[in-house]
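Accompanying notes for the structure given below.
The values are calculated or read from the model by the stated rules, or taken from the named source; none is laboratory data. The model shown is predicted, which means the values in this text are computed figures rather than measured ones. Here the Cβ positions follow ideal geometry from the backbone for every residue, glycine too, while neighbour counts run over all protein chains shown.
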Amino acid sequence: MSSERIIPMLLARGTPEDIERPDMVIQKKYDGSRIIVIKDKNSIRMHTRSWKNEISGFYPEVISELKKIPDGIYDAELAFFNSSGEDTLLTVLSPPDSDARIGLTPKLMIFDILVLEGRDIKVLPFEERQHLLVKILKDKGYTHIEKVITITKNKTEYFNKLGTRKAEGAVLKRLGSKYEENIRSKDWLKVKFSEDDDVVIIGCTIGKNARAATFGALMLGQYDSTGKIVYIGKTSGFTNDGLQVLIAKMKPLIISTPIVKDKIPDVQWWVKPKLVAKVKFFERTEDLKLRNPDFIELRTDKMPKDCILPEES
């Protein structure tokens, strides 16, 4: 099977009004990381979306179950579930023995299939590819792999239930559509309860109390049309392991000159704008600052110059 990089199909933005379109079905958007699985008779590889990390060694329990399904290329979301069955944010690069993974069950939520036993099936209609996944995964008693459920009726009711469970959102997929690599197609629409965006880390604030030995919050920026970084707020929401990773990444980038002119209290470090993070937030204020942002992960597949203010994009 080809070892060439797979660039997955991407999501366009949708609205709640799109949910009841008769040509659309709905799936839950899990709070995880996009994974492409390539399985053949010689190996099983789990690549992150950026293709920079192959993570099969981190997930022996997932690999054990993937060995039981047919060879192919699968598109999925790797998510972590707590004892209540809710998915929770965690980087896929967390080692199996890390504190962050205690009490969480990793599960590969498979939502599409590109190749099955050597046959390219991307051109098959969406519903036919889903039928194949049902046959492959249904009633097999797996713990660490599962097909994402597709809802065809009462879609708005299902979407609203996801909101009450604090889900990230939902994905709408058009019946009859094919799988198109590296295309941001309107055949797949994301509808979210909260927004997310990519931002540049420009520094951090002084930590207090339990965080006195690390740092408080990350200071964030995005570029305007003139190429100038604009301060858009601060974020927290890190695990202990995550704090250490961020400190190690920031220390070599420390500079003495402020990146922005905003008067930000308790600045611990300013850093060169080299690190990109993904954050989620409730909304933007009128001056484009993020309201209640939470750190999700560092991104290695985006450049700082890709982090652009929305009015400039």
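Values for this structure:
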| read-out | value |
| --- | --- |
| Selection count where residues are farther than 11 Å from S194 by Cβ, buried (at least 16 other Cβ atoms within 10 Å of the Cβ) and modelled with pLDDT under 90, scope the range 272-289 | 2 |
| Cross-chain or 6+ apart pairs with Cβ under 6 Å, the range 59-73 first and under 21 Å from I121 (Cβ atoms), then in a helix (DSSP H, G or I) and modelled with pLDDT of 95 or more | I69/I136 |
| So S194, is it touching a strand residue (DSSP E or B) at 6+ places or on another chain (Cβ under 7 Å) and modelled with pLDDT of 90 or more | no |
| Matching residues, the range 88-103, being touching a residue at least 60 places away in the same chain (Cβ under 8 Å), in contact with a strand residue (DSSP E or B) (Cβ under 7 Å, 6 or more places away or on another chain) and not aliphatic (A, V, I, L, M) | T91 |
| Number of the condition not met by D266 [criteria: (1) at negative phi; (2) loosely packed, with under 15 Cβ neighbours inside 10 Å; (3) touching a residue at least 40 places away in the same chain (Cβ under 8 Å); (4) of a type in the set (D, E)] | (1) |
| Top-ranked residue in the range 52-110 [being part of a helix (DSSP H, G or I) and polar (S, T, N, Q); ranked as nearest to E4 (Cα to Cα)] | S56 |
| Output for the range 146-165, where each listed residue is in a loop (DSSP other than H, G, I, E, B) and in contact (Cβ under 8 Å) with a residue 60 or more places away in the chain | V148, I149, T150, T152, R165 |
| Residue within the range 154-169 that is more than 26 Å from I296 (Cβ to Cβ) and of a type in the set (S, T, Y) present | yes |
| Selection status of T143, outside the structural domain of L243 (by TED's automatic domain parsing), not in a loop (DSSP other than H, G, I, E, B) and not hydrophobic (A, V, I, L, M, F, W, C) | no |
| Qualifying residue in the range 191-206 (condition: farther than 30 Å from A170 by Cα and surrounded by fewer than 16 Cβ atoms within 10 Å (Cβ to Cβ)) | yes |
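For every residue, the table says whether it meets (1) more than 21 Å from L93 (Cα to Cα); (2) in contact with a strand residue (DSSP E or B) (Cβ under 6 Å, 6 or more places away or on another chain); (3) of a type outside the set (A, V, I, L, M).
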{"position": "G203", "(1), (2), (3)": "yes, yes, yes"}
{"position": "L218", "(1), (2), (3)": "no, yes, no"}
{"position": "K234", "(1), (2), (3)": "yes, yes, yes"}
{"position": "T257", "(1), (2), (3)": "yes, no, yes"}
{"position": "D262", "(1), (2), (3)": "yes, yes, yes"}
{"position": "W270", "(1), (2), (3)": "yes, yes, yes"}
{"position": "K278", "(1), (2), (3)": "no, yes, yes"}
